[in-house]
Amino acid sequence: MTVPTPAPTPPLAGGRHGADALRPLLDTALTALATGAKERGGPLPAGGPDATAARVAAALGDVLPAHGTGDDEALRTLVHTLTAGAADPADPLCAAHLHCPPLAVAAVADLAASVLNPSLDSWDQAPAASAIEAHLTRTLAAELYATPRADALLTTGGTEANQLALLLARERHGPHLTVLHGANAHHSVPRAAWLLGLPPARALPTPNGTLDPATLAEALAHTPGPVLVTATAGTTDAGLIDPLTPLADLCDRHGADLHIDAAYGGTLALSPRHRHLLDGLTRARSLTLDLHKLGWQPVAAGLLAVRDTADLAPLAHQADYLNATDDTDAGLPDLLGRSLRTTRRPDAFKIAVTLRSLGRDGLARLIDLTCAAAHRLADLLDAHPGFELHARPTLTTVLFRPTPTDDDRLATLRRTLLQDGTAVLGRATADGRLWLKATLLNPHTTARDLDTLVALLEGRTHR
Ligand SMILES: *Cc1c(COP(=O)(O)O)cnc(C)c1O
């Protein structure tokens, strides 16, 4: 009787032989990334959700087959399918959301992090990773605040950073804290108030897209008890920046705390040409920043920065298996107070690699190139009789409409482009009307790419 030979135990990514196992698989994955992109041919798959789902179903077959196909086949098939059906932000015509094309160097750094799988909940799972995170967060916090006690935490993004900001404010002021924010604020702000059991956050009207100091003054005058004001530096819909200094002055006058959600605009602080747009940023007690937007990182790369590290004290937490008091006393770093999560990816690593590779001037250049592309697109649309530009861009968002059109036709046009797989544009309401939204985050976008986008829209709208 023959005994079937068991399949070999699949190799691990790490260890002394990890690299030998990774090399051929990486080659397979890289080839499939290329064949998948070629099959797609544009910024996203043609045919819409049903066609994509059908192609995925056909490629996938049985997700959990009785017998495996092996590493090489599984990677080849699924990486190809993933890529062929991707909305690829590296395509200049993929410009709907704050969905950035990651830098190659950051993606490879993230792969190295995945190989070693450090978890940032205890030092003995992440000795160097935790030390790198400590350096990185200190450096970024000091870059933003230029004060010796500034500190920062890595988060999964702006949503978690805003949640933490509201949590820390609640811990300072108690459960009757009123959160005031502009109607232009990110939806995660009122949602965080709901999550934290705070009174419903109050949205102040922002008819011009930013929070008017007079509106806030009026609200503060009529709000008894402790208040947290959330301002936005880079609105998600229009890339607008609230008037930070006057808002901070008002908060000072009324004894209100100020949090600034700079998830989108915050990295402009690294550009000598553009940082003036953020004047007043450091008046905030806490700041949200997303490096998976204008920071070109793979998701996730969020940050909550605070002016004073003492503000983070409420996050201190003890679990014997991770930070026993005697371990901490003996000098093992205590990491649990750096997040509400337990197991946590080393997202600081890819950021640290990126900062070292690019340096200040390299990062500033990416920011400036991207802002320039947005201005160029605005110029093109403004000069074109077939389009109406909503406003000159502040950051890298351009809102516009073909003329003539109406909201229904505009929404249909956006979906047609998605269906064709030719362009990914977003939508936003401003001044009571619907606009197409181009969120430019790709520093490689050329003048020709923008001409192509305008010509595509012309062909689709003026026939
Ligand atoms: C993107 C964004 C967020 C949410 O960030 P995530 O990283 O998606 O969680 C919060 N605030 C603003 C202003 C944003 O643009």
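For the stretch 213-231, indicate whether the set of residues that are closer than 18 Å to residue 162 by Cα, touching a residue at least 24 places away in the same chain (Cβ under 8 Å), over 23 Å from the mean Cα position of the chain (by Cα) and within 16 Å of the ligand (Cβ to nearest atom) is non-empty.
Yes, the stretch 213-231 has at least one match.
Quick check on residue 239: is it modelled with pLDDT of 95 or more, at positive phi and within 12 Å of the ligand (Cβ to nearest atom)? So that I can check it myself, show each step before the final result.
Numbers: modelled with pLDDT of 95 or more: yes; at positive phi: yes; within 12 Å of the ligand (Cβ to nearest atom): yes.
Taking the combined requirement at face value, the residue satisfies it.
Got a number for residues in the stretch 187-212 being more than 22 Å from residue 171 (Cα to Cα), within 16 Å of the ligand (Cβ to nearest atom) and not hydrophobic (A, V, I, L, M, F, W, C)?
3
Step by step: first the residues of the stretch 413-438, then only those that are hydroxyl-bearing (Ser, Thr, Tyr) and under 23 Å from residue 449 (Cα atoms), then the one that is surrounded by the fewest Cβ atoms within 10 Å (Cβ to Cβ). Which residue is that?
Our first condition is that a residue be hydroxyl-bearing (Ser, Thr, Tyr); within the stretch 413-438, this holds for 416, 422, 429.
Within this subset, residues satisfying the condition of being under 23 Å from residue 449 (Cα atoms) are 416, 422.
Working: 416: 14, 422: 20.
Applying the filter and picking the extreme gives 416.
When the residues of the stretch 159-176 are filtered to those that are buried (at least 24 other Cβ atoms within 10 Å of the Cβ) and among the small types (Gly, Ala, Ser), which remaining residue is nearest to the ligand (Cβ to nearest atom)?
161
Just checking, which of 327, 252 is closer than 20 Å to residue 172 by Cβ and either among the charged types (D, E, K, R) or modelled with pLDDT under 95 (or both)? Please lay out each step first, then the result.
Numbers: 327 fails: closer than 20 Å to residue 172 by Cβ.
So the residue among 327, 252 that is closer than 20 Å to residue 172 by Cβ and either among the charged types (D, E, K, R) or modelled with pLDDT under 95 (or both) is 252.
Quick check, is residue 181 in contact with a strand residue (DSSP E or B) (Cβ under 7 Å, 6 or more places away or on another chain), within 15 Å of the ligand (Cβ to nearest atom), in a loop (DSSP other than H, G, I, E, B) and of a type outside the set (S, T, N, Q)? Full working, then the answer.
Numbers: in contact with a strand residue (DSSP E or B) (Cβ under 7 Å, 6 or more places away or on another chain): yes; within 15 Å of the ligand (Cβ to nearest atom): yes; in a loop (DSSP other than H, G, I, E, B): no; of a type outside the set (S, T, N, Q): yes.
Considered against the rule, which asks whether it is in contact with a strand residue (DSSP E or B) (Cβ under 7 Å, 6 or more places away or on another chain), within 15 Å of the ligand (Cβ to nearest atom), in a loop (DSSP other than H, G, I, E, B) and of a type outside the set (S, T, N, Q), residue 181 comes out as no.
Only one residue in 372, 378 is under 17 Å from residue 264 (Cα atoms) and free of Cβ contacts under 8 Å to residues at least 60 places away in the same chain. Which one? Working first, answer last.
Working: 378 fails: under 17 Å from residue 264 (Cα atoms).
After ruling out the rest, the residue left standing is 372.
Select from the stretch 288-302 the residues that are in contact with a helix residue (DSSP H, G or I) (Cβ under 6 Å, 6 or more places away or on another chain) and of a type outside the set (S, T, N, Q) and list them in ascending order.
289, 290, 291, 294, 295, 298, 300, 301, 302
Within the stretch 36-49, can you find the residues that are assigned to a helix (DSSP H, G or I) and surrounded by 15 or more Cβ atoms within 10 Å (Cβ to Cβ)?
Pass one, the stretch 36-49, residues assigned to a helix (DSSP H, G or I): 36-40, 48-49.
Within the stretch 36-49, 36, 37, 40, 48 qualify.
Being surrounded by 14 or more Cβ atoms within 10 Å (Cβ to Cβ), acidic (Asp, Glu) and under 23 Å from residue 124 (Cβ atoms) narrows it down to one residue among 320, 334, 407; which is it?
Details: 320 fails: surrounded by 14 or more Cβ atoms within 10 Å (Cβ to Cβ); 407 fails: under 23 Å from residue 124 (Cβ atoms).
The conditions single out 334.
With 139, 156 as the choices, which residue is more than 16 Å from the ligand (Cβ to nearest atom), of a type in the set (Val, Ile, Thr) and out of contact with any helix residue (DSSP H, G or I) (no Cβ under 6 Å at 6 or more places or on another chain)? Walk me through how you get there before you give the answer.
Working: 156 fails: more than 16 Å from the ligand (Cβ to nearest atom).
Only one candidate qualifies: 139.
Which residues, taken from the stretch 370-399, are within 21 Å of residue 42 (Cβ to Cβ) and either in the same structural domain as residue 275 (by TED's automatic domain parsing) or part of a strand (DSSP E or B) (or both)?
398
Just wondering, is there one or more residues in the stretch 292-301 that are more than 17 Å from residue 151 (Cβ to Cβ), more than 15 Å from the ligand (Cβ to nearest atom) and either surrounded by 24 or more Cβ atoms within 10 Å (Cβ to Cβ) or among the charged types (D, E, K, R) (or both)? First the steps, then the outcome.
Pass one, the stretch 292-301, residues more than 17 Å from residue 151 (Cβ to Cβ): 292-301.
Applying the additional criterion that residues be more than 15 Å from the ligand (Cβ to nearest atom) yields none.
Scanning the stretch 292-301, I find no residue that is more than 17 Å from residue 151 (Cβ to Cβ), more than 15 Å from the ligand (Cβ to nearest atom) and either surrounded by 24 or more Cβ atoms within 10 Å (Cβ to Cβ) or among the charged types (D, E, K, R) (or both), so the answer is no.
Only one of these is basic (Lys, Arg), over 30 Å from residue 107 (Cα atoms) and more than 16 Å from the ligand (Cβ to nearest atom): 338, 285. Name it. First the steps, then the outcome.
Working: 338 fails: over 30 Å from residue 107 (Cα atoms).
Checking each option against the conditions leaves just 285.
The values are calculated or read from the model by the stated rules, or taken from the named source; none is laboratory data. Everything quoted here is computed from the prediction, not taken from an experiment. Cβ atoms come from the backbone with ideal geometry, glycine included; neighbour counts cover every protein chain shown.
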